[in-house]
1. Considering only protein heavy atoms and a probe of 1.4 Å, how much of the accessible area of segment 1-113 is carbon and sulfur, as a whole percent?
2. Report the gain in length on full extension from LYS41 to ALA6: 0.36 nm times residue separation, minus Cα-Cα distance, nm rounded to one decimal.
3. Kindly write out, for segment 39-56 in residue order, the coupling ³J(HN,Hα) from the Karplus curve 6.51 cos²θ - 1.76 cosθ + 1.60 (θ = phi - 60°), rounded to whole Hz, with x marking Gly and Pro.
4. Over 18 Å between C-alpha atoms is what I'm after, so list which of LYS72/LYS137; LYS61/LYS137; LYS72/LYS189; LYS41/LYS61; LYS91/LYS193; LYS61/LYS125 land there.
5. Net charge around ALA58, counting only other residues with Cβ within less than 11 Å of its Cβ (Lys, Arg = +1; Asp, Glu = -1)?
6. Take SER2, SER185 and sort them by solvent-accessible surface of the protein heavy atoms, 1.4 Å probe, largest at the top.
7. Once phi is turned into ³J(HN,Hα) by the Karplus curve 6.51 cos²θ - 1.76 cosθ + 1.60 with θ = phi - 60°, what whole-Hz value does each residue of segment 75-82 show in order, with x for glycine and proline?
8. Using a Debye calculation, one point per C-alpha and no hydration shell, please list log10 I(q)/I(0) for segment 1-73 at q = 0.23, 0.24 Å⁻¹ in order.
Amino acid sequence: MSIPLAVLLLIFSISFITNILPFAGAPYTLIATDFLLAYGKNIENILIVVLISGIGAALAKTLTYVLGIALKKPLRDNKNIPLIHKFIKSKYFPLALFITAILPGLPLDDYLYIGGGIVRESLKKMLIITIPSKILKSMIEIPLELFGIIKISDLADINPLYLSIALTVIFIILGILLIKIDWYSLYEKVNEKYLNKRL
C-alpha cells in the first residue's frame, strides 16, 4: 500500500518540527517508522520515508542557524566564540558537520549550526553537507528500527511514542549540560598536553 501524500507531508512536518528545538535530539525516525508499519514496509515506502524525513530534519537546521545569528550579541564575550570561529573556518569542519549530523541521539550538529550562525558561515554550504547526511541517518536508523527497536519496544511493552518523549527529555537535559561546558578551557588543556598546536 502506498503512503498517502497527506501522511508524507505529516512525516516531513514531524521531522522538521522535532529538529527545530536545539539539543532536543527527538527520535523522529522512530515516528516515521510507525507510519511505515501502518502503511507497509516495502522498498518504495521505505525509500520515500527515508528521503522525506532526512530532508525535513536537515532543513530544520536553518532555524538553528538563525538562532546562532540571534545569539551573536549575547554571546560576544563568551570565551568559546573564538574557538568556534577557528574550528568552523578549519578544513575539519565539513567532515565534523557530516558526522555529527549522522550520529544518533546526540544532537551535536546543533552546536555547529549555532556556531555557524554566530560566525556567519555559509548556510548553503552547511545544508549541502547536512541534507545527504540526514538522509543517510534516516537510511541507517529506519531499517534498524523496523527490524529491531520496534520489536524490542513490543517485547518490553513500551509504547514507541512514550519512548520518543522520554528520549527527547533526556537529550534536552544532555544538551543543556553540554552547552554549560567551558569548551575553550578544555581545548586549551588538551592542546597544551597532547597536541602542542592550534587549529
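1. In segment 1-113, the share of accessible area belonging to carbon and sulfur is 75 percent.
2. Using 0.36 nm per residue and subtracting the Cα-Cα distance, I get 10.8 nm.
3. After applying 6.51 cos²θ - 1.76 cosθ + 1.60, I find 10, x, 9, 7, 4, 4, 5, 4, 5, 5, 5, 4, 5, 5, 5, x, 5, x Hz.
4. Listed pairs above 18 Å: LYS72/LYS137; LYS72/LYS189; LYS41/LYS61; LYS91/LYS193.
5. Spelling it out: positives minus negatives among the neighbours equals +2.
6. Descending accessible area places them as SER2, SER185.
7. 9, 4, 9, 5, 5, 7, 4, x
8. -0.93, -0.99
The values are calculated or read from the model by the stated rules, or taken from the named source; none is laboratory data. Fair warning: this is a prediction, and the values are worked out from it, not measured in the lab. All Cβ positions, glycine included, derive from the backbone under ideal geometry; neighbour counts span all protein chains shown. Areas reflect the complete protein model, heavy atoms only, side chains present, ligands, DNA and RNA absent. Shrake-Rupley method; radii C 1.70, N 1.55, O 1.52, S 1.80 Å.
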